[in-house]
Amino acid sequence: MTHSDGKFFDSALAALGGLQDGATVMVGGFGLVGAPLTLIEALCEHGAKDLTIISNNLGEPGGKGLSKLLKLGRIRKAIGSYFTSNPEVVAAVERGELHVQLLPQGTLAEAIRAGGAGLGGFFTPVGAGTLLAAGKEERVIDGKRFVLEAPLKADFALVRARRADALGNLVYDATQQNFNVAMSSAARVTVAEVDEVVEVGAVAPEMIHTPHLFVKRLVKAEVLITDVKSVAEMTR
């Protein structure tokens, strides 16, 4: 069920309508910070399987965040940077249940940005001459080796923001910006969970981080980081 503007969904599960088995899904966040935890819970309930997840990491140990989706066996492939922060991911790879594609964090961010910008790729010196460059085109530019990285795009992007207006313009709170901003523009369907929805005009144009043209669906954030991980654990 949606409101009259057609973007706000009363149910996070309904906001994932059209997401199919085998889909590629971008999920914002760094650890659990800025992660769309409400939408992740809905994705677990949704039941889609054989997913390719593009995210910095796959949640935290104990089934927190994307780790819950992993434990359900729904992720076939993960593209990201810090998978070793969650021992459950390492174990899944060792069992042959999960394929991972590692990208340096800066390369990951730029590949997502390139996908949103419609670029065909970019050359970076990071990883050139290493195993991370295996099978990729290399080129010498100004005497230095560069590797060609492909852009990243997705069927769905799940992001977390502090505020949206009724059109879907998004404002992120501090470190919520991490991967959420770039991912919002790099998917066919961007779904944003937000703390509040305000009237059009209540957000000054210069405060908008993601324009509404990139955002297809909105849902109220219901699962907070404090629900899944204590502040004490976060600061250890």
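The numbers here are math on the coordinates, done by the rules we state, and not lab data. Predicted model, so just to flag it, every value in this text is computed and none were measured. All Cβ positions, even for glycine, are placed from backbone atoms using ideal geometry, and neighbour counts span all protein chains on display.
Shape analysis of the chain yields a ratio of the Cα radius of gyration to the Kirkwood radius, Rg/Rh, of 0.98.
Here the peptides 59-68, 126-135 are ranked by packing, the mean other Cβ count within 10 Å, and the order with the highest first is 59-68, 126-135.
Once both labels are positioned 7 Å from their Cα atoms along Cα-to-Cβ, the gap between Q20 and K77 label points is 1.7 nm. Checking the cross-link pairs K77/K136; K7/K64; K68/K220; K49/K153; K136/K216 against a 25 Å limit on the alpha carbon distance flags K7/K64; K136/K216 as lying beyond it. Length gained on full extension, K49 to L148, computed as 0.36 nm times the residue gap minus the Cα-Cα distance: 32.6 nm.
Efficiency by 1/(1 + (r/R0)^6): what FRET value for D10 and K136, r their Cβ-Cβ distance, R0 = 41 Å, to the nearest 0.05? Efficiency, rounded to the nearest 0.05: 0.40. Treating r as the C-beta distance of T175 and V198 and R0 as 22 Å, the FRET efficiency rounds to 0.55. Taking all Cα pairs closer than 8 Å and separated by 6 or more residues, the relative contact order of the chain comes to 22 percent.
Computed over segment 103-236, the P(r) curve from all C-alpha pair distances, binned at 5 Å from the origin, holds 2, 10, 16, 17, 15, 13, 10, 9, 5, 3, 0 percent per bin.
Calculated [222 nm] ellipticity per residue, helices only, for the chain: -6000 deg cm²/dmol; basis is -39500 (n - 2.57) per DSSP H run with n ≥ 4, divided by all residues, nearest 500. Each peptide in 41-47, 199-205 receives the mean, over its residues, of other Cβ atoms within 10 Å, and ordering these scores from highest gives 41-47, 199-205. Cβ-Cβ distance of K220 and E94, R₀ of 41 Å, FRET efficiency by 1/(1 + (r/R0)^6): the value works out to about 0.60.
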